[in-house]
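**Student:** Before we start, here is the structure in question, set down as structure tokens.
Taken together, the values in this text are just the output of simple stated rules run on the coordinates, not laboratory data. Nothing here was measured: the structure is a model prediction, and the numbers come from that model. Note that each Cβ is placed from the backbone with ideal geometry, even for glycine, and that neighbours are counted across all protein chains shown.
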Amino acid sequence: MKAKVGDTIVVEGTHVGDHRRIGLITAVPHEDGSPPYTVRWEDDQHEGILYPGPDTHIKTAG
């Protein structure tokens, strides 16, 4: 998985009742765009470090 600052990251719910989380990637420490990513989540504005799993995909910025 590769991303850049400004991309949107989407984590799909994997269990019944789980909701989808959407966040904005605010930092990518590796030049090649590989994880981990710093993400600001839309639902609560919390910012944290994410190592994406198989239920995650990237929507590239414009």
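**Student:** Residues of segment 25-46 being surrounded by fewer than 14 Cβ atoms within 10 Å (Cβ to Cβ), of a type outside the set (D, E, K, R) and over 10 Å from the mean Cα position of the chain (by Cα), which ones?
**Tutor:** If the condition is that a residue be surrounded by fewer than 14 Cβ atoms within 10 Å (Cβ to Cβ), of a type outside the set (D, E, K, R) and over 10 Å from the mean Cα position of the chain (by Cα), then Ala27, Pro29, His30, Ser34, Gln45, His46 are the ones that fit.
**Student:** Could you list, in sequence order, the residues of segment 25-46 that are touching a residue at least 12 places away in the same chain (Cβ under 8 Å) and outside any strand (DSSP E or B)? Working first, answer last.
**Tutor:** So the first thing to find is which residues in segment 25-46 are touching a residue at least 12 places away in the same chain (Cβ under 8 Å), and the list is 25-28, 32-43.
Once the filter is applied, which keeps residues that are touching a residue at least 12 places away in the same chain (Cβ under 8 Å) and outside any strand (DSSP E or B), segment 25-46 yields Val28, Asp32, Gly33, Ser34, Pro35, Pro36, Glu42, Asp43.
**Student:** Next question. When you go through Ile22, Ile58, Ile49 one by one, which is the residue that is part of a strand (DSSP E or B) and either exposed (fewer than 13 other Cβ atoms within 10 Å of the Cβ) or hydroxyl-bearing (Ser, Thr, Tyr) (or both)? Walk me through how you get there before you give the answer.
**Tutor:** Working: Ile22 fails: either exposed (fewer than 13 other Cβ atoms within 10 Å of the Cβ) or hydroxyl-bearing (Ser, Thr, Tyr) (or both); Ile58 fails: either exposed (fewer than 13 other Cβ atoms within 10 Å of the Cβ) or hydroxyl-bearing (Ser, Thr, Tyr) (or both).
It is Ile49.
**Student:** To continue, here is another question. Any residue in segment 5-18 that is touching a residue at least 12 places away in the same chain (Cβ under 8 Å) and in a loop (DSSP other than H, G, I, E, B) sitting within a Cβ distance under 6 Å of a residue that is surrounded by fewer than 16 Cβ atoms within 10 Å (Cβ to Cβ) and among the small types (Gly, Ala, Ser)? List the pairs, counting only those 6 or more apart or interchain.
**Tutor:** Within 6 Å, the pairs are Gly6/Ala61; Asp7/Ala61.
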